Every structure is written in structure tokens, then in C-alpha cells.
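The values are calculated or read from the model by the stated rules, or taken from the named source; none is laboratory data. In this text the structure is predicted, and so the values were computed from the model without any measurement. Cβ: placed from backbone, ideal geometry, glycine included. Neighbour counts: every protein chain shown. Note: areas computed on protein heavy atoms with side chains; ligands, DNA, RNA excluded. Shrake-Rupley method; radii C 1.70, N 1.55, O 1.52, S 1.80 Å.
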Amino acid sequence: MGNDALTLKAMVASAARLVAFTGAGISAESGIPTYRGADGVWNKYDPSKYADIRYFREEPSYYWNFFKDVRCPVLKKAQPNKGHLALAKLEETDKLSAIITQNIDGLHQIAGSNRVLELHGNTRRILCLECGELYGIETVYRLIETQLPPRCSKCDGVLKPDVVFFGESLPPTVLDEAISVSRDCDLFLVVGSSLVVQPAASLPVMAKENGAKLLILNKDATPLDRMADLVIHESASVVLDQVCGALEKSAIQSQT
Ligand code: NAD
């Protein structure tokens, strides 16, 4: 375990209200590509067509073809990695008060985390744009075998993953809660985010301005590195697993 991970462990150990803020980087090691960076999805697919609500309303089958051919195989295979599991363990020990995530893959919940604030929605939840009926992803996996775009069985409306597309607002109650936990925490841990997508990227600034320590664990540099108390440019799953293991060991030693 390196010095940075040891420092991170000490900061987590002494924190009373830790908030984790996660991005696509934490799920990269589960096989879900990030949007930006060399292998990012937006290098191959134009976001103004695949993730824009106006375009989706005009041509929903364009998105659903992409979903079926590109997203489905990845989503079906992806499992939480040691990074997701470490955060779930930190919640179990009451160390972590909430995860704020930009991810839409649902892997934190599959790993066992309960208090997950999804700023950009969840792609495993599917919504009818007409009547608001919700469907699970398994139903939609079946529907898209024969129907693109998939349609609501109640009103025949077009279905869309319950995620925030360009041109849509963030869910206001989730955003309010995220702002509130960010202002209230004493340690704000960014994991696997380029910190360029707004308004999500303003949450670490809010936390810092309200007196929290700011830690950034991300492979590449971010625009907020300069204001952070600790920056680690390493793999999220490796470092979080080490930190969580070391915390567990210390807890066992203090009991004996
Ligand atoms: P981003 O793609 O802008 O940045 C990801 C960051 O993760 C990069 O800076 C990269 O250096 C870092 N990274 C990659 N692998 C890593 C690893 N193993 N360990 C640590 N860091 C690693 O992602 P973002 O900041 O989350 O913003 C992008 C938007 O894309 C979000 O709004 C999100 O909704 C969406 N998105 C979600 C998923 C998902 O749900 N898994 C995947 C791709 C994009």
C-alpha cells in the first residue's frame, strides 16, 4: 500500500460524514467504457444523436439500435468491481453517509449500497414518455428483440431509459439532496470522474467551500486537482480495496 493510499485511509478513518462522488471511471474496470478519454464512447458515437432528447423524440429507433447493439451486451455482462464493493462496505460500517453518482449503470446498488443519489438516472429503469409507466430492464431486453423502439404495453407510448439526456434537467429532488449532503459532509471523495460535467462537478467545490476535505481519486488530472487536499492518479478499484481492507484490519486490531 503506497503513501497516498495510507493518507487516504487515515483521512477516511477520522472522517465523521464521508460522501463519495463517483463517475464513469469507477465502472471502467467493470467493462463499461467511459465517455471521454482515448477509449471513450463519444469518440465513436456522436452525443448530439445518441444522447439528445430532441433527436430521441424525432428518431427514437436510432438510439434504441445503439442501445441494442452497443449498450446491451456491456450492461448484461457488467458486475460491480472491488471499488463498488469497497464503498458498499464503508456504508455498512456507517462511515459513508451517501454516494452521489453520475453513473447510470446501477452497479452501486448491485454491490449493496443503499443511499445512492443518481444525478443522471438509471439505465436499468425504463420510462414511458407518454404515461410515465416504469419498466425493468429485463422486460425491455425482451421487447427490443422484436420491437424498435420498444413501446408501452398500456398506451403504446415510446419507451426511453430513465436517464438524463442532453436537453433535459437533472431530477430536482435528487440534486437538492446531493447539494445538502455535499454541504454537510466533512470528507468528499471523488472517484473516477473527469469533473467536467455540470452541475455535478460543482458539488466538490460546494463541499470544499463548506469546510470539507476534498480527495480526488482519478486516473487522469481534473480541473479541481488544484483545490484538493489529496489527489491520487491511480486505479479506483485498487486503491479503494486497499483502503477498505486496511480500515477493516485496524477495526479488528482495535477490538483485540
Ligand atoms: P468521464 O468519462 O468524463 O471521465 C471518467 C474519468 O475516469 C476520466 O477522467 C478517467 O481518467 C477516469 N478513469 C478511467 N478509468 C479509471 C479507473 N480505473 N480508476 C480511476 N479513474 C478512472 O466520466 P464522468 O466524469 O462520470 O462524466 C461523464 C458522464 O458520462 C456522466 O454524466 C455519466 O452519466 C456518464 N457515463 C456513465 C457511465 C456509467 O454509468 N458507467 C459510463 C460512461 C459515461
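Taken per residue, the accessible surface of the chain reaches 48 Å², heavy atoms only and a 1.4 Å probe.
Pick from Arg115, Arg142, Arg125: which residue has the top mean-square fluctuation in a GNM of the chain where Cα pairs under 10 Å get a spring? Result: Arg142 has the largest fluctuation of those listed.
Sort Met11, Met227 by heavy-atom solvent-accessible area, probe 1.4 angstrom, most to least.
The residues order as Met227, Met11, largest area first.
Given axes a ≥ b ≥ c from the Cα gyration tensor, I'd like to know whether the stretch 172-233 is rounded (a/c under 1.5), prolate (a/b larger than b/c) or oblate. Oblate.
Taking the Cα centre of the stretch 120-201 as origin and assigning +1 to Lys and Arg Cβ atoms and -1 to Asp and Glu Cβ atoms, the resulting dipole is close to 240 debye.
Taking the accessible area of the chain, probe 1.4 Å, and keeping the other protein chains in place, the carbon and sulfur fraction comes to 49%. Measuring r between the beta carbons of Glu92 and Arg54 and using R0 = 30 Å, the FRET efficiency lands at 0.10. Using a cut-off of 23 Å between Cα atoms, the listed pairs Lys44/Lys82; Lys68/Lys219; Lys89/Lys249; Lys9/Lys95 include Lys44/Lys82; Lys68/Lys219 as exceeding that distance. Note on the stretch 164-225 and the stretch 103-159: Cα centroid distance 25 Å, given to the nearest whole angstrom. For the stretch 1-67, the set of trypsin sites (Lys or Arg not before Pro) satisfying both a DSSP loop assignment and a count of at most 11 other C-beta atoms within 10 Å is given as Lys44.
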